[in-house]
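The values are calculated or read from the model by the stated rules, or taken from the named source; none is laboratory data. Predicted model, so just to flag it, every value in this text is computed and none were measured. Positions of Cβ are generated from backbone atoms using ideal geometry, with glycine treated the same way; all protein chains shown enter the neighbour counts.
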Amino acid sequence: MSNAPAFEPEATAHRPRRSVLYMPGSKLRALEKAKTLSADCLILDLEDAVAPSEKEAARGMIAEALKQGGYGQRELIVRVNGLDTPWGEADLKTMAVAGADAILIPKVNAAPQIEEIEGLINRWGATSATRLWAMIETPRGMLHVESIAASTPRLDALVMGTNDLANELGAAHTELRLPMITGLGLCMLAARAYGLAILDGVYNAFKDEDGLRAACQQSKEMGFDGRTLIHPAQLEIANEVFAPSAEELDLAQKQVAAYEDSISKGEAVAVVEGKIVENLHVETAKKLLAQAKAISDMAGA
């Protein structure tokens, strides 16, 4: 009989993930400041944001921060180092039982990486509450993303690593990101096919508010749930863009009410503002309303 934890469906579909902020795990002040920021999710980083000489100390600091808590309803994710590094195994062993909401695995190229890591954290005592997130940031990862997305019920989200992807492609960071659109689209298809959240990559020019807004708008139009961020100054714009607008919520409420009224009369469709409303439109409307409630609940917590 398997020792793997049983996975029950979790009510995370509407959990706000508009803004996902990377925070260096080696900076105690940053870990404390994170408790006051308006981020939906925090990625406490042991990988790129931490120098090799500080990685062991950072691991302990993050574990202690998770133990102490104080982060409210913010979702807490720890990005570990890969198993091909000197720190990866110790990172995983510590974070398997540290109480993070999820462990973010960098540079996932194929499903066996996720399967190996799941086997290790199961052995080290991880419960089903500790989820896995996968960074897709290489051409190989994007070509294998369907099997990655299907690898385990413990996987909750895909995170785009667009800086690494651009580097491996030899591509430029253009406004429309045409060199990356194919890869991003494959990841979007895989995420939605297997019921995963999907988060877009970072926007590097953190002082460029107009550029960030345009980038977030493109992400939203593509279907991303939110955007990973590198600076607290980016939070307000990401939260605004990825939240349902007042106009969207008003329309959603009208669609639900009109459709329910039509169903009560034995009719299969409704009409709102001159447009047909069917069941699929109502499902989308209800998701928007649930997302708005989740955002409101988080703000009021």
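How many residues does region 281-301 hold that are among the hydroxyl-bearing types (S, T, Y) and at pLDDT below 90?
Of the residues in region 281-301, 1 are among the hydroxyl-bearing types (S, T, Y) and at pLDDT below 90.
Each residue in region 182-203 was checked for being under 27 Å from L288 (Cβ atoms) and either exposed (fewer than 14 other Cβ atoms within 10 Å of the Cβ) or at pLDDT below 95 (or both), and 4 pass.
Checked against (1) touching a helix residue (DSSP H, G or I) at 6+ places or on another chain (Cβ under 8 Å); (2) among the hydrophobic types (A, V, I, L, M, F, W, C); (3) under 22 Å from S19 (Cβ atoms), A246 meets all criteria but (1). Only one entry in A102, A111, A149, A129 is at pLDDT 95 or above and more than 18 Å from the chain's Cα centre (by Cα), namely A111.
For beta carbons closer than 6 Å, sequence separation of 6+ or different chains, a first residue in region 238-249 that is touching a residue at least 24 places away in the same chain (Cβ under 8 Å) and of a type in the set (S, T, N, Q) and a second that is in a loop (DSSP other than H, G, I, E, B) and crowded, with 16+ Cβ neighbours inside 10 Å, the qualifying pairs are N239/R18. Filtered by the rule that a residue be under 16 Å from the mean Cα position of the chain (by Cα) and among the aliphatic types (A, V, I, L, M), region 179-192 gives L184, M188, L189, A190, A191. Here A39 meets each of (1) free of Cβ contacts under 8 Å to residues at least 12 places away in the same chain; (2) under 29 Å from P16 (Cβ atoms); (3) surrounded by 19 or more Cβ atoms within 10 Å (Cβ to Cβ) with one exception, condition (1). Scanning region 96-112 for residues that are aliphatic (A, V, I, L, M), assigned to a loop (DSSP other than H, G, I, E, B) and under 14 Å from D164 (Cβ atoms) returns a single hit, V108.
Which of the residues that make up region 52-91 are of a type in the set (A, V, I, L, M, F, W, C) and in contact with a helix residue (DSSP H, G or I) (Cβ under 9 Å, 6 or more places away or on another chain)? If the condition is that a residue be of a type in the set (A, V, I, L, M, F, W, C) and in contact with a helix residue (DSSP H, G or I) (Cβ under 9 Å, 6 or more places away or on another chain), then M61, I62, A63, A65, L66, L76, V78, V80, L83, W87, A90 are the ones that fit. Within region 267-282, restricting attention to residues that are within 27 Å of the chain's Cα centre (by Cα) and surrounded by 13 or more Cβ atoms within 10 Å (Cβ to Cβ), the residue that is nearest to V256 (Cα to Cα) is V282.
Quick check on region 222-241. Is at least one of its residues farther than 29 Å from L31 by Cα and at pLDDT 95 or above? Give the steps one after another, and end with the answer.
Within region 222-241, the subset farther than 29 Å from L31 by Cα is 222-223.
Now narrow it down to the ones that are at pLDDT 95 or above: 222-223.
Yes; the residues of region 222-241 include at least one that is farther than 29 Å from L31 by Cα and at pLDDT 95 or above.
Contact map, region 181-196: first residue within 15 Å of T162 (Cβ to Cβ), second residue in a helix (DSSP H, G or I), Cβ cut-off under 6 Å, separation 6 or more or different chains; pairs are G183/M142; L186/M142; L186/V145; C187/V145. Every listed requirement among (1) in a loop (DSSP other than H, G, I, E, B); (2) touching a helix residue (DSSP H, G or I) at 6+ places or on another chain (Cβ under 7 Å); (3) at pLDDT 95 or above is met by F206 save one, (3).
Scanning region 125-143 for residues that are in a loop (DSSP other than H, G, I, E, B) and either more than 15 Å from P106 (Cβ to Cβ) or outside the structural domain of M188 (by TED's automatic domain parsing) (or both) yields G125, A126, T127, S128, A129, T130.
For region 64-93, filtering for residues that are buried (at least 19 other Cβ atoms within 10 Å of the Cβ) and not in a strand (DSSP E or B) leaves 10. In the set (1) in contact with a Phe, Trp or Tyr (Cβ under 6 Å, 6 or more places away or on another chain); (2) over 20 Å from R79 (Cβ atoms), G185 fails one condition alone, (1).
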